[in-house]
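K.L.:
The structure is given below, and queries will be raised subsequently.
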Amino acid sequence: MDDGDAHPVLAERLRPFTTTIFATMSELATATNSVNLGQGFPDTDGPAELAEIAAEAIRHGDNQYPPSAGIPELRRAVATHQRAWYGLDLDPDTEVLVTVGATEAIAATLLALCEPGDEVVMFEPSYDSYAACASMAGAVPRLVRLHPPDWTFDPNELAAAAARPRARLLLLNTPHNPTGKVFTVDELEQAAANCRAHDLLAVTDEVYEHLVFDGAHVPLATLPGMRGRTLTISSGGKTFSFTGWKVGWVSGSAPLVAAVRAAKQFLTYTSPAPLQLAVAHGLGFPPKRIAGLAAELAAKRELLCGGLARLGYTVYRPSATYFATTDISAVAPVLSALDFCLGLPGRCGVVAVPSSVFYDPADPGAGRNLVRWAFCKRDAVLRDAITRLASWAP
Ligand code: PMP
Ligand code: GLN
């Protein structure tokens, strides 16, 4: 959120990016004892056996700096996972880099690849760290709008952004936060064609790769001509419901990964050893077990989306992730999404996120009616949230 005036010492390039909406909303949830459907984190733990592996590793002295690129077990597990799920062959020594969550992977990638003034083509709405990290790298986002209900884009808008002289890379998030969109193969092909035509690099954020309900997740790196120009980012946070562990990774061709490693080593140098070991184990789970969380979440999607629709919200049912977007116009015609979300905890004890924060701040009308709700919560919590929302009629 932009409260830059309250931060006179903050460097100019970070002024628009002071407190993230997630921190703001989670603090509000705690302060008002609200049901938190804002920040996306599950309210139940991931697999106990993974927690036990991490705990054992700590007890057995796995507590000093691991290699900067990540422990070999995790790099091998990422390579094996990419081959098994997507047919992508990676050398775990040179083509996989472990990071502190996908967040660091995004930051290190943009810092490594962008010159000041370069443009990063990305779809809007977009996850909030993209614009902030682009700005830290001196780069400029070039936004291509996704339109509800299916969050499609105008191919001409994408082509025009990609053709600009300073366009350097395409940053693509699929499955997509906040909309829950899974980019189709046809859309990915359009993205790839633009990268090939204008010699752009591609960076994909695939942290929700295993939380897909409808359609299938296809990594951009698997499309023709993309393997050598794409860096693929993911993390264990969503897949294993351990969002606080912050174990992520980036994979791609050796020269691209080496570039990101150069940046990563001066951001954090390395990532927590015991957690890497546990995530490596998790990536080796049988595919059915990895896909199990999506099946649970699909039922929660119905619970939340059904409840919100009954209350009069226009619901854009997500195909993936654990977020649902609604248009609030019918329920609260005069309120902006931000005002709606700031007032909601006081009115009925529920926290959600205004999707307007995922749009260009220079366009104040963008996403003005859109609110994002997280459904990675226990069923009783989701039911409670719907009951609370029903108690408030604007
Ligand atoms: N990318 C997207 C699209 C996200 O929603 C998130 C939020 N978890 C992240 C990256 C950050 O992932 P991590 O927690 O692994 O840093
Ligand atoms: N990815 C999470 C979300 O979209 C939030 C992560 C964070 O707090 N930075 O809700």
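The values are calculated or read from the model by the stated rules, or taken from the named source; none is laboratory data. Predicted, not measured: the structure shown is a model, and the values here were computed from it. For neighbour counting, all protein chains shown are included, and Cβ atoms are generated from backbone atoms with ideal geometry for every residue, glycine included. These area figures cover heavy atoms from the full protein model, side chains too; ligands, DNA and RNA do not enter into them. Shrake-Rupley method; radii C 1.70, N 1.55, O 1.52, S 1.80 Å.
K.L.:
Take the stretch 311-364 and flag every residue that is hydroxyl-bearing (Ser, Thr, Tyr) and within 16 Å of ligand 1 (Cβ to nearest atom).
P.N.:
Ser319, Thr321, Tyr322, Thr325, Ser355, Tyr359 - these are the residues of the stretch 311-364 that are hydroxyl-bearing (Ser, Thr, Tyr) and within 16 Å of ligand 1 (Cβ to nearest atom).
K.L.:
Something else now. Are there any pairs, at least 6 apart or on different chains, whose C-beta atoms fall under 7 Å, with the first in the stretch 365-388 and more than 18 Å from Ala337 (Cα to Cα) and the second open to solvent by 30 Å² or more (accessible area, probe 1.4 Å) and among the acidic types (Asp, Glu), and if so, which?
P.N.:
Matching pairs, first to second residue: Lys377/Asp43; Arg378/Asp43; Val381/Asp43.
K.L.:
Evaluate the following for Ala132: is it within 11 Å of ligand 1 (Cβ to nearest atom), of a type outside the set (S, T, N, Q) and in a helix (DSSP H, G or I)?
P.N.:
The answer is no for Ala132.
K.L.:
Name the residues in the stretch 228-252 that are surrounded by fewer than 24 Cβ atoms within 10 Å (Cβ to Cβ), in contact (Cβ under 8 Å) with a residue 60 or more places away in the chain and touching a strand residue (DSSP E or B) at 6+ places or on another chain (Cβ under 6 Å), would you?
P.N.:
Lys246, the sole residue that qualifies.
K.L.:
Here are some conditions: (1) surrounded by fewer than 17 Cβ atoms within 10 Å (Cβ to Cβ); (2) within 15 Å of ligand 2 (Cβ to nearest atom). Gly225 meets all but one. Which one does it not meet?
P.N.:
Failed condition: (2).
K.L.:
What are the residues in the stretch 263-296 that are more than 14 Å from Leu50 (Cα to Cα) and either open to solvent by less than 50 Å² (accessible area, probe 1.4 Å) or among the hydroxyl-bearing types (Ser, Thr, Tyr) (or both), if any?
P.N.:
The answer is Ala263, Lys264, Thr268, Tyr269, Thr270, Ser271, Ala291, Gly292, Leu293, Ala294.
K.L.:
Read through the list (1) in a loop (DSSP other than H, G, I, E, B); (2) open to solvent by 20 Å² or more (accessible area, probe 1.4 Å), then give the number of the only condition that Leu342 fails.
P.N.:
(1)
K.L.:
Among Val203, Val218, Val257, which is farther than 23 Å from Leu37 by Cβ, open to solvent by less than 10 Å² (accessible area, probe 1.4 Å) and not in a strand (DSSP E or B)?
P.N.:
Val257 is the lone residue from the list that is farther than 23 Å from Leu37 by Cβ, open to solvent by less than 10 Å² (accessible area, probe 1.4 Å) and not in a strand (DSSP E or B).
K.L.:
Where the second residue is part of a helix (DSSP H, G or I) and within 11 Å of ligand 1 (Cβ to nearest atom) and the first is in contact (Cβ under 8 Å) with a residue 40 or more places away in the chain and acidic (Asp, Glu) and lies in the stretch 108-128, which pairs have Cβ atoms under 9 Å and are six or more apart or on separate chains?
P.N.:
Glu124/Phe358; Asp128/Phe22; Asp128/Phe358
K.L.:
Report yes if Thr18 is within 15 Å of ligand 2 (Cβ to nearest atom) and not in a helix (DSSP H, G or I), otherwise no.
P.N.:
yes
K.L.:
Could you say whether any residue in the stretch 170-187 is more than 21 Å from Arg317 (Cα to Cα) and either within 15 Å of ligand 2 (Cβ to nearest atom) or assigned to a helix (DSSP H, G or I) (or both)?
P.N.:
Looking for residues that are more than 21 Å from Arg317 (Cα to Cα) and either within 15 Å of ligand 2 (Cβ to nearest atom) or assigned to a helix (DSSP H, G or I) (or both), one finds none in the stretch 170-187, hence no.
K.L.:
Which ones in the stretch 345-372 are surrounded by 15 or more Cβ atoms within 10 Å (Cβ to Cβ) and small (Gly, Ala, Ser)?
P.N.:
The answer is Gly349, Ala352, Ser355, Ser356, Ala366, Gly367.
K.L.:
Of the conditions (1) farther than 30 Å from Ile53 by Cα; (2) touching a residue at least 60 places away in the same chain (Cβ under 8 Å), Gly70 satisfies every one except a single condition; which number is it?
P.N.:
The number of the failed condition is (1).
K.L.:
Counting only residues that are in a helix (DSSP H, G or I) and open to solvent by less than 20 Å² (accessible area, probe 1.4 Å), how many does the stretch 76-106 have?
P.N.:
Residues in the stretch 76-106 being in a helix (DSSP H, G or I) and open to solvent by less than 20 Å² (accessible area, probe 1.4 Å): 10 in total.
K.L.:
Please state which one of Phe375, Phe323 is open to solvent by less than 50 Å² (accessible area, probe 1.4 Å), in contact with a helix residue (DSSP H, G or I) (Cβ under 6 Å, 6 or more places away or on another chain) and under 30 Å from Asp45 (Cα atoms).
P.N.:
From the options Phe375, Phe323, the qualifying one is Phe375.
K.L.:
Contact list please: Cβ distance under 7 Å, first residue in the stretch 46-66 and surrounded by fewer than 10 Cβ atoms within 10 Å (Cβ to Cβ), second residue part of a loop (DSSP other than H, G, I, E, B) and acidic (Asp, Glu), pairs at least six apart or on different chains.
P.N.:
Short answer, once both residue conditions are applied: none.
K.L.:
Going through the stretch 238-254 one residue at a time, which ones are closer than 14 Å to Thr44 by Cβ and within 7 Å of ligand 1 (Cβ to nearest atom)?
P.N.:
Passing the criteria: Lys238, Thr243.
K.L.:
Could you pull out the residue among Leu283, Leu169 that is closer than 19 Å to Glu95 by Cβ, in contact (Cβ under 8 Å) with a residue 40 or more places away in the chain and touching a His at 6+ places or on another chain (Cβ under 8 Å)?
P.N.:
Leu283
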